[in-house]
Amino acid sequence: MLLNDLYTIEKWSASDTTAGEVNATLLLNPAHPIFAAHFPGQPVVPGACQLQMVEELLSHVLANEFRLAGAIQIKFLTPIDPRTHVLIEAVLQYALDGPFQVTATFRAADTTFFKFNGIFRAE
């Protein structure tokens, strides 16, 4: 689990009309040990961690455990350097019934870091 270690959720809001959406501000921990290895002197948030963050945010918002069942599209557009981008805006849109079709974007200001489209299943 990366929540409350690699990152914290600073604030979030969710809607649950015909489809769900959550907007969250995530605070990265630049002192996390993962950045010493990924990569020394030029830290970036690993792609696997970004996928895990989507899973954990979905689980947090819907108060249920979810697991990635399949990825339709994953785009790592710009590396996230935790020294210069400590706050990340996360937007998740999801179906309200299972399997949960999820689209997610991580960005800061005019920079988009990550885009995801895939399926999660409730545990």
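What follows is calculated from the coordinates using simple rules that are stated; it is not laboratory data. Keep in mind that what you see is a predicted model, and the values were worked out from it rather than measured. Cβ placement follows ideal geometry from the backbone for every residue including glycine, while neighbour counts extend to all protein chains displayed.
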Shape of segment 61-103, Cα gyration tensor, a/c cut at 1.5: prolate
Extreme residue, positive dipole direction of segment 7-122, given options I119, A14, Y94 (C-beta unit charges): I119
Segment 41-66 residues near the modelled V86 label - backbone nitrogen below 17 Å, point 7 Å along Cα→Cβ: 43-45
The chain: C-alpha gyration tensor shape, a/c 1.5 cut-off, then a/b vs b/c: prolate
Euclidean distance between Cα centres, segment 41-60 to segment 65-87, Å: 5
Cβ-placed point charges (K, R +1; D, E -1), dipole of segment 7-122 about Cα centre in debye, nearest 20: 260
